[in-house]
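*Asks:* Questions regarding the structure given below will be posed in turn.
The values are calculated or read from the model by the stated rules, or taken from the named source; none is laboratory data. The structure displayed is predicted, hence computed values, not measured ones. Don't worry about glycine lacking a Cβ; one is built from the backbone with ideal geometry, like all the others, and counts go over all protein chains shown. Heads up: the accessible areas ignore ligands, DNA and RNA and are worked out on the full protein's heavy atoms, side chains in. Shrake-Rupley method; radii C 1.70, N 1.55, O 1.52, S 1.80 Å.
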Amino acid sequence: VSVLVRLKSPKATTEKVASFVDMVQPGFGGQVRQNAPAIGLAISNPTLAGVDMTGDWYIAVFLSAEDPEPTVAFLIPATDAKAMKDGLGDGMHFVKHDKWGVYSEDEETIALIKTVMSGKEEHLDPDDEDAKAAAALFDQGDLSVYVNLAQIVDEYKDQITQAKEQLSQLLENAPAQAPDVPGLNPQALAKAAGKVIEQALAVVDESETLIVALSVSKQGIVIEEY
């Protein structure tokens with residue numbers, strides 16, 4: 001998986017957001033509660049048929065360098081798996097797993113997820129202290145996003161290499177194309193910019209995971225990153 005989004009208990013989170021909105025603008029929290037069912041559109045289940053609003057929802061995004069369109073899978077807790085499947089309409093491939101309804105428009109993605117369910121493929125499982133800390137933050141947020149940077153960098157390594165070469169060429173040619181401005185040293189500027197870009201690319205190459213967690217309360221909204 002490239003990106004994993006988790007919405008903690010939509011029912012409870014909606015109430016938190018409504019309470020926060022009421023604090024900012026009294027009376028407007030009711031509109032949040034009233035429009036909450038529209039969230040079904042985000043999981044391709046407009047009527048929320050068979051959906052457990054008290055359990056956590058997950059949306060998995062798979063990126064591939066060979067396909068410009070990302071593949072999306074939904075892992076949604078079900079009160080009635082059959083009703084959930086029927087509520088999705090045609091075009092969705094669906095599988096029930098314990099309390100979960102798992103579905104996607106892409107049949108191969110569902111086949112891949114089935115191999116994880118069966119234990120033939122590894123799932124995301126923290127195996128060191130850094131990973132455990134990241135997982136704890138991911139579980140903490142009302143809305144959390146996990147970005148598998150290592151997978152994305154590996155998937156797009158050819159494009160990243162090409163981008164590095166293009167940037168290097170651009171910086172190399174920049175001094176010759178720079179306007180003649182008194183006191184301006186194009187070579188020094190290009191060298192400084194090169195160092196900044198080099199450090200930024202090193203961060204991309206060496207990073208494994210990005211977690212962003214958003215938590216809502218009556219006191220405010222907190223955004224944490226790891």
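*Asks:* As a quick test, which of the pairs LYS11/LYS85; LYS11/LYS218; LYS99/LYS157; LYS8/LYS82; LYS11/LYS96 have an alpha carbon distance above 26 angstrom in this structure?
*Replies:* On the way: LYS11/LYS85 21 Å; LYS11/LYS218 16 Å; LYS99/LYS157 37 Å; LYS8/LYS82 23 Å; LYS11/LYS96 22 Å.
The pairs that break the limit, which is 26 Å between Cα atoms, are LYS99/LYS157.
*Asks:* Determine the per residue accessible area of the chain with all protein chains present and a 1.4 angstrom probe, expressed in square angstrom. If you can, show how the numbers build up before the last one.
*Replies:* Details: 14080 Å² over 226 residues.
Per residue, the chain has an accessible area of 62 Å².
*Asks:* Could I ask something else about it? Please compute the net charge surrounding ARG6, taking Lys and Arg as +1 and Asp and Glu as -1 over other residues with Cβ under 12 Å from its Cβ. Before the final figure, lay out the partial values.
*Replies:* Working: positive: LYS8; negative: ASP56, ASP139, ASP142.
With Lys, Arg at +1 and Asp, Glu at -1, the neighbours total -2.
*Asks:* Please give the calculated 222 nm ellipticity per residue for the chain, where each DSSP H segment of at least 4 residues contributes -39500 (n - 2.57) and the sum is spread over every residue; nearest 500 deg cm²/dmol?
*Replies:* Details: 8 runs with 102 residues, N = 226.
Calculated from helices alone, the mean residue ellipticity at 222 nm is -14000 deg cm²/dmol.
*Asks:* First compute the accessible area of the chain with a 1.4 Å probe, then give the percent of it belonging to carbon and sulfur atoms.
*Replies:* Details: 7750 of 14080 Å².
Percent of accessible area from carbon and sulfur atoms in the chain: 55.
*Asks:* I need the peptides 56-66, 97-107 ranked by packing, meaning the mean over residues of other C-beta atoms within 10 angstrom, with the highest value on top.
*Replies:* Numbers: 56-66: 16.3, 97-107: 18.1.
Averaged packing, sorted descending, gives the order 97-107, 56-66.
*Asks:* How high is the relative contact order of the chain, given as a whole-number percent (alpha carbon pairs under 8 Å, six or more residues apart)?
*Replies:* Values: 334 pairs, mean separation 49.9, N = 226.
Answer for the chain is 22 percent.
*Asks:* In whole Å, what three semi-axes, largest first, describe the equivalent ellipsoid of the chain built from its Cα gyration tensor (square root of 5 times each eigenvalue)? All intermediate terms of the calculation are to be shown ahead of the outcome.
*Replies:* Numbers: eigenvalues 332, 126, 58 Å².
Output for the chain: semi-axes of 41, 25, 17 Å.
*Asks:* Sticking with this one: So what is the relative contact order for segment 1-90, in percent, with contacts set as C-alpha pairs under 8 Å and at least six apart? Don't skip to the answer; put the middle values down first.
*Replies:* Working: 130 pairs, mean separation 29.9, N = 90.
That works out to 33 percent.
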